[in-house]
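The values are calculated or read from the model by the stated rules, or taken from the named source; none is laboratory data. Computed from a prediction, not measured in an experiment: that's the story for all the values here. Cβ placement follows ideal geometry from the backbone for every residue including glycine, while neighbour counts extend to all protein chains displayed.
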Amino acid sequence: MENHFTKTSSYERNGNSAHPVFPPQIPLGFEQESNDWNFRQLLGILQRRALIIVGIGTVVMSGVTYSTLNQKPVYESNFRLLVEPLTDEKSLLQLTIDTGNSDKSGNLDYESQIQVLRSPELMADIVKQIQFYYPDINYDSLLKFLVIRRLGTTKLIEVSYRSSDSNQIKIVLDIIAKSYLNYSLEKRQTKLRQGVQFVDQQLPTIKHRVDNLQKELQLFRQKYDFISPDAQAAQVAERVTTLSNQRLEIDQKLAEYQAIFANLKLAQGETAALNNAPGYQEIFGKLRQLEADISGESVRFQQDSPPLRSLQEKKKNLLTLLQEEARRSMGVKFAEITTQIQILEVQSQELSKAERQLEQEVKLLPVLARKYAELQRELQIATDSLNRFLTTRETLQIQVAQTELPWELIQEALQPEAPISPNIPRSLTLGLVASLLLGMGISLLMEKVDNTYHNVDSLKEKMKLPLLGVLPFDKKIQNHLYYKIERSSPSEKTPFRFFRKISKFSKSLHRSPGSDRYYGQGRFWESLQVLYSNIQLLNSDQPIKSLIISSALPGDGKSTVSFQLAQIAAAMGKRVLLVDADLRRPQVHLLTDLNNLWGLSSLISTNIPAGQVIRQMPEMNNLSVVTSGPVPPDPARLLSSEKMKQLMGYFQRTFDLVIYDVPPIVGLVDARMLAPYTDGVVLVVRIDKTDKTGLMQAQESLKISPVNLLGIVANGDKTKFKGYKHYYKS
């Protein structure tokens, strides 16, 4: 983020307003795809680190070449064994045992078999036989160069041995092949028969255990009438349901009879019971009939008449008989109900006894279920063990039958003639590739720790500032057109060392056929013109009249860029003033070949006229220079003085363009004191030199100051452009 700020100075109060601050314009260009960018970046890194890559490659290749040429030759040979029957049909073991897995090819566990072949037990006799010919060979040294492997998914095992003695290879492999064939017929069968014998010894014990468990389970079922936990639980649940229903029915009947018994003791209950008694009702009917007869006779006879007395006597007898019948009927009824109640109570007692017994069975059910489960589990384990032993016995018997066919040697070991190592072409090729990769890896590592920008693209990407120009690196720039200051006497010479010459723009420009110099100047001068044009185009309404050229750190070429830019502007017809405001390490007087007896420090600290310090360059009427003058003890105080502000206003009113060469920004305040009174700051960044950290510090320093950062100039770009020379070719 740039700071845009306009500060009022003394020369503005005299009627000259400061130029407005122009926002930086982002230069337009074609965007590259990320893949192209990465590829170009990698090529740039390899080009910059070419010497490192070549040096590392040379050292590594020298070591590889020396090691390869001095390496002892190594020979190798092998033999192959067919370890399973070569047939497309399933083996007897597969048909008998493994009927569900028909896709397996063969029965041999090759990994385990190879470990057995390498085991010390099997190799001990082989090592003894080999030591008869080569006493120095032991088990460890033999296995170090012995390789046993399965050939893909075939039924072949390949055994190879490597040594520097071709005769030794033949002897060792022949001994190993013979021993392996003997092992396949003898020791494998011996181990299988031992397995069968062990299984036969264990089978009777396991069968006896299975029989005992079966008998124990049978007795358990008979004793407790126990079929299974689920069946027993279902049976108990059914009995509980039945007893519950019976209990409910008996309780209902008992309550019903008890209610009837209690009701009979009441008058209403007695009346209801007598109404249902046939004998009582018969007598009661006769009594009613007799009462009707008495009523009819009472009308005809007197109360004491014999017929009425006879009827009254019959009534009295019927009443007595009716009462006796009532007592008899109620007694019978009470007896019946009492008998039913007693029967129900007896049934209730029996039911309670059955319920208590069932409750005991319910409590005992988990114990019986656990005992039954334990017996079942033990029986299952014993049965499974018995089945496994039977299956193993059958398997071992089948394997014994199958191993009657020994392994077959289908390819015997041959004495090698040509060594397998060293392979000089392959070793040198791998060494070359490794050396190049190592060189590139170290180069990339150095690139990571390198804290400078190596190309313009990375500078633009990281800085995010307008790129005003790119100045190419040209070693021959000093050998082109220049002029030389003529002096009349040796006394005019100064004690300063003049190491730069000024390009002569005033001479006639010519074109050299076949060269890349555009009208005699070349890409460097054209780049300066582009830089000047970009600076002027930052604002189309009002051109920039004053600017500061600085850098983040010393040595980035800010003074050279200031001087060359001043020349370009002067050649374009502008009245240009180049001011050396670097009062610490001035360089402009060396570049312009002018003495530095007086200059800017003299103007600020004394009252000498400005015209005595402003010197016009010979043969360049539009270019004037103010050197730094004597180095003061406190440059910052002079640059921050009011006199300096007045001088800057005077310079801007007098010239079309004023360029200030100021000290580096990092660690110094000079540039930040002068920048607010100019139209902006141009930051020079030197490719392959400027430290990224310093550049970031400079940018952050300018952000917190009222400074307009116009953009950056990439100095010392070493990118080669092929199209420039072709474009101007005659």
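Residue check: is Pro425 at pLDDT below 85 and under 30 Å from Leu82 (Cβ atoms)? If you could, list the steps in order and put the result at the bottom.
Details: at pLDDT below 85: yes; under 30 Å from Leu82 (Cβ atoms): no.
Answer is no for this residue.
Return yes when Tyr139 is within 51 Å of the chain's Cα centre (by Cα) and closer than 21 Å to Leu82 by Cα and no when it is not. First the steps, then the outcome.
Details: within 51 Å of the chain's Cα centre (by Cα): yes; closer than 21 Å to Leu82 by Cα: no.
Judged against the criteria, Tyr139 is not a match.
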### Query
Say we look at region 569-581 and pick out the residues that are hydrophobic (A, V, I, L, M, F, W, C) and over 16 Å from Ser546 (Cβ atoms); which of these is surrounded by the most Cβ atoms within 10 Å (Cβ to Cβ)?
Ala571
### Task
Take Ala272 and decide whether it is in a helix (DSSP H, G or I), surrounded by fewer than 12 Cβ atoms within 10 Å (Cβ to Cβ), without any contact (Cβ under 8 Å) to a residue 24 or more places away in the chain and hydrophobic (A, V, I, L, M, F, W, C).
no
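Considering each residue of region 463-487, count those that are at pLDDT 70 or above and among the basic types (Lys, Arg), and give that number. Full working, then the answer.
So in region 463-487, the residues at pLDDT 70 or above come out as 463-473.
With among the basic types (Lys, Arg) added as a condition, the list becomes 464.
The qualifying residues number 1.
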### Query
Got at least one residue in region 231-244 being touching a Phe, Trp or Tyr at 6+ places or on another chain (Cβ under 6 Å), surrounded by 14 or more Cβ atoms within 10 Å (Cβ to Cβ) and closer than 23 Å to Gln357 by Cβ?
yes
### Task
Go through Leu683, Leu668 for me and flag whichever is in contact with a strand residue (DSSP E or B) (Cβ under 7 Å, 6 or more places away or on another chain) and modelled with pLDDT under 90.
Leu683
### Message
Looking only at residues that are surrounded by 13 or more Cβ atoms within 10 Å (Cβ to Cβ) and under 15 Å from Ser184 (Cα atoms) in region 402-420, which one is modelled with the lowest pLDDT?
### Response
Thr403
### Query
What is the one condition in (1) over 60 Å from the mean Cα position of the chain (by Cα); (2) in a helix (DSSP H, G or I) that Gln303 does not satisfy?
(2)
### Task
Only one of these is at pLDDT 80 or above, under 30 Å from Tyr372 (Cα atoms) and not charged (D, E, K, R): Leu254, Leu219. Name it.
Leu219
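Would you check if Lys333 is assigned by TED's automatic domain parsing to the domain that holds Gln235 and either among the polar types (S, T, N, Q) or modelled with pLDDT under 80 (or both)?
Working: assigned by TED's automatic domain parsing to the domain that holds Gln235: yes; either among the polar types (S, T, N, Q) or modelled with pLDDT under 80 (or both): yes.
The answer is yes for Lys333.
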### Task
Test Gln281 against the criterion of being among the polar types (S, T, N, Q), touching a residue at least 60 places away in the same chain (Cβ under 8 Å) and assigned by TED's automatic domain parsing to the domain that holds Arg370, and give yes or no.
no
### Query
Does any residue in region 305-334 that is surrounded by 13 or more Cβ atoms within 10 Å (Cβ to Cβ) come within less than 7 Å, Cβ to Cβ, of a residue that is outside any helix (DSSP H, G or I) six or more places away or on a different chain, and which pairs are these?
Pro307/Phe301; Leu308/Phe301; Ser329/Ala277
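Show me the helices (runs of 4 or more DSSP H) entirely contained within region 605-682 in which 1 or more residues are touching a Lys or Arg at 6+ places or on another chain (Cβ under 7 Å). Full working, then the answer.
Details: elements: 635-639, 642-654, 670-674.
The qualifying helices (runs of 4 or more DSSP H) are 635-639, 642-654.
Given the residues Thr627, Thr678, Thr654, which is the only one that is β-branched (Val, Ile, Thr), closer than 25 Å to Leu538 by Cα and buried (at least 18 other Cβ atoms within 10 Å of the Cβ)?
Details: Thr627 fails: closer than 25 Å to Leu538 by Cα; Thr654 fails: buried (at least 18 other Cβ atoms within 10 Å of the Cβ).
Exactly one residue qualifies, and that residue is Thr678.
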### Query
For region 205-231, how many residues meet the condition of being without any contact (Cβ under 8 Å) to a residue 12 or more places away in the chain and aliphatic (A, V, I, L, M)?
3
